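The values are calculated or read from the model by the stated rules, or taken from the named source; none is laboratory data. Here the structure is a predicted model, which means the values were calculated and not measured. Heads up, the Cβs are rebuilt from the backbone with ideal geometry, glycines too, and the neighbour counts pull from every protein chain shown. Surface accessibility is based on the protein's heavy atoms, side chains included, excluding ligands, DNA and RNA. Shrake-Rupley method; radii C 1.70, N 1.55, O 1.52, S 1.80 Å.
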Amino acid sequence: MTETQRVGRGTTRKWSSTEGVRTEFLDAARKVFAKRGFSDASVTEVVEQAGASVGSLYHHFGSKTELFVALWERHHLEQQAIAADAVVAARADGVSDPFDLFIAGSQAYLGASWARRDLVKIFSLGDTPPGFQEKQRAGGRVWIANNFRLLGAEDEAVQRALVFLATTFLGEARREIANARTAKEARELVAAMTEVIERMRPMFAATLADRHDEHTA
């Protein structure tokens, strides 16, 4: 499937697929939302940035809100992939301890925050469409569930609380890194935040050991 958009006087642009059109709009929206925030961003500016038409944007996204949510969904999936790829790479290097794998994924996730700081700020400044906070919370619950499985935790109150604590800390740490003034400061923050997570290891180890003792007693 191809789509042709008029760009300026007497010129056209062709995209190879619907996905290509969506990518153009999402890349443009990233720039506009980063500059204006959600409330002050206009569909017209996004369309101009993409070199497309208003009709095409509404065809693919329906509204400015849907465009904002689609940008977040892409960002969310990319963040998950960054952490998951780091875990896969650690396993390939022979790492098997669940907490070491969690550290590997966390460090990669935090390390990407500086390069993606515009996106982190777009979704954490509070200038978001109605209902978006609940979508973020739903995404957070999925993230917690993924970490729960990675750490080999059990469905028990203390372990649930520890996984929630570690995951929530990562979210807050990411925002701090995104607000760093320089790349050097961001790297230092990544190292410091990773060290804080590392200091949670004894709590996880003790809790998992206690539960293991209970099951074998």
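Summed over segment 148-168, the residues that are more than 14 Å from the chain's Cα centre (by Cα) and assigned to a helix (DSSP H, G or I) give a count of 13. For segment 81-132, taking the residues that are polar (S, T, N, Q) and farther than 20 Å from R187 by Cα, the one that is nearest to the chain's Cα centre (by Cα) is identified as S124. Within segment 82-98, restricting attention to residues that are closer than 19 Å to M193 by Cα and among the β-branched types (V, I, T), the residue that is most open to solvent (accessible area, probe 1.4 Å) is I82.
So is A89 assigned to a helix (DSSP H, G or I) and modelled with pLDDT of 95 or more or not? Yes: the conditions hold for A89. Answer yes or no as to whether A41 is farther than 23 Å from A138 by Cβ, in contact (Cβ under 8 Å) with a residue 40 or more places away in the chain and buried (at least 20 other Cβ atoms within 10 Å of the Cβ). So A41 fails the test. Here D127 clears all of (1) without any contact (Cβ under 8 Å) to a residue 12 or more places away in the chain; (2) not in a helix (DSSP H, G or I) except the condition numbered (1). Condition first: modelled with pLDDT of 95 or more and more than 11 Å from A29 (Cβ to Cβ). Now tell me which residues in segment 43-53 satisfy that. Passing the criteria: T44, E48. The sole residue among A50, A34 that is surrounded by 20 or more Cβ atoms within 10 Å (Cβ to Cβ) and not acidic (D, E) is A50.
Of the residues making up segment 63-81, those that are open to solvent by 40 Å² or more (accessible area, probe 1.4 Å) and of a type outside the set (S, T, Y) number 8. Considering segment 99-124, and only residues there that are open to solvent by 50 Å² or more (accessible area, probe 1.4 Å) and assigned to a helix (DSSP H, G or I), the residue that is nearest to P202 (Cα to Cα) turns out to be D100.
Is it the case that segment 133-140 has a residue that's in a helix (DSSP H, G or I), in contact with a Gly (Cβ under 8 Å, 6 or more places away or on another chain) and either at pLDDT below 95 or surrounded by fewer than 18 Cβ atoms within 10 Å (Cβ to Cβ) (or both)? Yes, segment 133-140 contains a residue that is in a helix (DSSP H, G or I), in contact with a Gly (Cβ under 8 Å, 6 or more places away or on another chain) and either at pLDDT below 95 or surrounded by fewer than 18 Cβ atoms within 10 Å (Cβ to Cβ) (or both).
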